[in-house]
1. Determine which single condition ARG296 fails, assuming it passes every other condition in (1) touching a Phe, Trp or Tyr at 6+ places or on another chain (Cβ under 8 Å); (2) basic (Lys, Arg); (3) at pLDDT 95 or above.
2. Of everything in the range 79-100, what is surrounded by fewer than 23 Cβ atoms within 10 Å (Cβ to Cβ) and without any contact (Cβ under 8 Å) to a residue 60 or more places away in the chain? Give them in sequence order.
3. Does ALA282 satisfy being aliphatic (A, V, I, L, M) and farther than 23 Å from TRP79 by Cβ?
4. If you scan the range 198-213, which residues turn out to be under 17 Å from GLU32 (Cβ atoms) and out of contact with any strand residue (DSSP E or B) (no Cβ under 6 Å at 6 or more places or on another chain)?
5. Hey, among the residues in the range 57-66 that are touching a residue at least 12 places away in the same chain (Cβ under 8 Å) and more than 13 Å from ALA223 (Cα to Cα), which one's surrounded by the fewest Cβ atoms within 10 Å (Cβ to Cβ)?
6. If only one of PHE45, PHE112 is within 16 Å of the ligand (Cβ to nearest atom) and either among the basic types (Lys, Arg) or touching a residue at least 12 places away in the same chain (Cβ under 8 Å) (or both), which one is it?
7. Evaluate the following for ALA109: is it more than 28 Å from ARG241 (Cβ to Cβ), at pLDDT 95 or above and aliphatic (A, V, I, L, M)?
8. Scan the range 278-288 and tell me whether some residue there is away from the ligand (no atom under 16 Å from the Cβ), surrounded by 15 or more Cβ atoms within 10 Å (Cβ to Cβ), of a type in the set (Val, Ile, Thr) and part of a loop (DSSP other than H, G, I, E, B).
Amino acid sequence: MISPTAKESANPDLVLACNICGSEQIQKVDPEFNFCRCYSCGYVFDSPRPSFAQISAFYSQVGKYSAWLKEERARDMLWKRRLKKLLQCRAAGRLLDIGAGYGQFLHHARHFFSQVAGTEVSESAISIAREKYSLALLAGQVEEIQLPPQSFDTITLFHVLEHVPDPCALIHRCHTLLRPQGLLAIAVPNDVLAWTSRIKKIGKQLGLKPFQKFSPKFGISRAGASREIHLSHFTASVLRRLLENSGLRVIEESLDPYYVSRGVRLLLDSAYFGLHRILHAALKINRYDTIWIVARKP
Ligand SMILES: [Zn+2]
């Protein structure tokens with residue numbers, strides 16, 4: 001464990017206290033890749049992290065959504081899988097999808113809820129949602145958008161929490177916006193514990209060329225080295241702690257069927273997901289690529 005120097009303390013992109021438990025005992029686990037871990041609760045995060053300007057520029061690159069639009073049918077199947085999973089917990093009522101992208105999930109979900117709403121920070125995604133699905137997404141971060149408290153029955157955060165600088169503030173905001181008995185469904189990558197990360201970590205340690213962009217400690221790539229910038233790398237137990245600290249009760253913990261594929265690849269991805277689902281059901285161990293967790297407001 002290393003205490004921050006005076007120069008580091010002045011760096012606004014350096015995280016000095018754990019966002020989950022507040023501890024200031026931060027371990028620099030992999031300084032070359034900017035990965036730190038809270039000594040107290042095990043939360044892994046980037047520090048120093050890219051500035052807001054760098055993140056904004058990264059996600060404003062031309063054609064950021066064109067790859068998604070090319071995979072439209074496979075993505076339809078993904079959203080239907082997630083919707084089916086969500087509907088096992090809750091149908092009807094008002095739904096809010098935070099970080100809605102260009103609204104593909106809301107497009108499928110609108111038939112099952114009395115009203116749907118979505119927030120999004122990307123202007124290009126908002127305009128695609130308007131033109132393609134006639135959805136009027138709310139622009140900006142949900143913490144800053146004026147919405148009445150206790151106005152939603154279900155809130156979804158699909159691969160959003162790992163991108164935000166203050167996950168704790170976002171979960172508190174969700175708590176405020178949920179009605180009593182309302183549900184919060186979250187999907188995030190399982191970066192730290194997934195078998196795929198372990199394979200990348202071993203590949204890097206063996207010096208194999210295709211694995212050079214991954215951290216030798218976690219098998220995760222540096223922020224921005226892939227198609228995404230992730231600031232947090234959650235495990236299910238850290239996520240559970242975050243939700244419970246915010247006054248929510250976890251009612252379901254499983255795996256997010258996140259794969260986007262067709263044909264033979266779809267069969268292989270489904271089989272790999274099925275294998276991990278059995279492992280999770282039998283032993284409560286999640287070594288799949290993603291985490292799915294649902295919490296209820298008491
Ligand atoms: Zn902590």
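1. (1)
2. Result: TRP79, LYS80, LEU83, LYS84, LEU87, GLN88, ALA91.
3. For ALA282, the condition - aliphatic (A, V, I, L, M) and farther than 23 Å from TRP79 by Cβ - is met.
4. Across the range 198-213, the qualifying residues are LYS201, GLY203, GLN205, GLY207, PHE211, GLN212.
5. SER60
6. PHE45
7. Answer is yes for this residue.
8. Among the residues of the range 278-288, not one is away from the ligand (no atom under 16 Å from the Cβ), surrounded by 15 or more Cβ atoms within 10 Å (Cβ to Cβ), of a type in the set (Val, Ile, Thr) and part of a loop (DSSP other than H, G, I, E, B), which makes the answer no.
The values are calculated or read from the model by the stated rules, or taken from the named source; none is laboratory data. In this text the structure is predicted, and so the values were computed from the model without any measurement. Please note: Cβ atoms are built from the backbone with ideal geometry, for glycine as well, and neighbour counts cover all protein chains shown.
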